[in-house]
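The next block holds one structure in the form of structure tokens; read it before the comments.
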Amino acid sequence: MEAKEAHTPKGGNRDCRDERHRLLYSYWRSSTAYRLRIALAFKQLPFELVPINLAQKQNLQSDFWGVNPQMLVPSYEEADFSLGQSMAILEYLDETCPQPPILPNDPKDRAYVRMLANVIACDIHPLNNVRVLNFLTDDLGISEQRKQRWYAHWISTGLKAFEDLLAKYGKDKAYCLGDSVTLADFCLIPQVYNATRFNCDLSDYPRVRSIAENCNLLPCFIDAHPDTQSDSTLFN
Ligand SMILES: N[C@@H](CCC(=O)N[C@@H](CS)C(=O)NCC(=O)O)C(=O)O
């Protein structure tokens with residue numbers, strides 16, 4: 001856990017010069033850590049990244065238990081404060097550094113954005129997390145092929161619901177809510193990355209694909225992309 005890597009955005013966040021020392025425990029392919037890397041880049045907040053090699057189960061070692069007893073990434077630290085759970089960390093960042101915001105002002109729009117984010121965070125990601133997939137194969141004896149079916153099933157169920165919700169509300173333009181990125185995009189794009197990595201067919205989700213294409217052109221999404229992380233080569 002020694003290899004820290006400084007992320008210092010060029011302009012910095014002019015509205016939030018609080019000089020907190022932020023640490024993010026991350027793994028390049030973790031979609032939940034990816035959400036946070038996007039948010040930190042979007043808000044132009046400097047931070048140090050500590051890579052945790054999930055492929056080698058570094059998260060299950062005792063020294064990481066001291067960082068996060070849940071033994072998952074992401075984990076976030078400041079001098080006198082630490083936090084797990086990506087959604088809690090995202091809201092904490094937004095409350096302590098409100099500009100630019102990741103949630104809209106209007107209460108109905110805020111609820112809409114949270115609803116979309118929760119489709120990913122509560123109903124897709126937890127079913128397809130590494131430890132769940134490993135439990136299926138290692139403890140329940142399920143074959144690799146059936147594990148892949150499990151993964152693809154929950155991805156398609158979740159992304160179809162996401163697509164249908166976008167169509168029902170009709171609030172999406174370039175992004176999930178109009179022309180500004182929000183928490184919903186921060187959750188969607190990592191999930192789409194993950195689905196693509198597992199060869200899931202996304203052709204039935206045109207709105208999702210279009211939003212992903214637009215987001216992936218933005219600097220904060222480019223900076224946070226798994227392939228641009230130093231541990232992608234370190235741990236690959
Ligand atoms: N609900 C948690 C989930 C965190 C999580 O599942 N992280 C995964 C990586 S995406 C992890 O650390 N997996 C390690 C493991 O399953 O052993 C969050 O949003 O932070």
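Given (1) exposed (fewer than 14 other Cβ atoms within 10 Å of the Cβ); (2) away from the ligand (no atom under 13 Å from the Cβ); (3) at pLDDT 95 or above; (4) not in a loop (DSSP other than H, G, I, E, B), identify the lone condition not met by GLN99.
(4)
For the stretch 194-223, name all the residues that are modelled with pLDDT of 95 or more and in contact with a Phe, Trp or Tyr (Cβ under 7 Å, 6 or more places away or on another chain).
VAL208, ILE211, ASN214, CYS215, CYS220 - these are the residues of the stretch 194-223 that are modelled with pLDDT of 95 or more and in contact with a Phe, Trp or Tyr (Cβ under 7 Å, 6 or more places away or on another chain).
ASP106: modelled with pLDDT of 95 or more and among the charged types (D, E, K, R), yes or no?
yes
So for the stretch 110-128 (the condition being within 13 Å of the ligand (Cβ to nearest atom), at pLDDT below 95 and under 23 Å from TYR193 (Cα atoms)), does at least one residue qualify?
yes
So GLN145 fits all but one of (1) closer than 22 Å to PHE42 by Cβ; (2) without any contact (Cβ under 8 Å) to a residue 40 or more places away in the chain; what number is the exception?
GLN145 satisfies all of (1) closer than 22 Å to PHE42 by Cβ; (2) without any contact (Cβ under 8 Å) to a residue 40 or more places away in the chain except (1).
Please name all residue pairs, on different chains or six or more residues apart, with Cβ atoms under 6 Å, provided the first residue is in the stretch 109-134 and is in the same structural domain as GLY170 (by TED's automatic domain parsing) and among the small types (Gly, Ala, Ser) and the second residue is within 11 Å of the ligand (Cβ to nearest atom) and assigned to a helix (DSSP H, G or I).
ALA117/CYS187; ALA121/MET87; ALA121/CYS187
The values are calculated or read from the model by the stated rules, or taken from the named source; none is laboratory data. Just so it is clear, the model here is predicted, and its values are computed rather than measured. Virtual Cβ from ideal backbone geometry, glycine too; neighbours counted across all protein chains shown.
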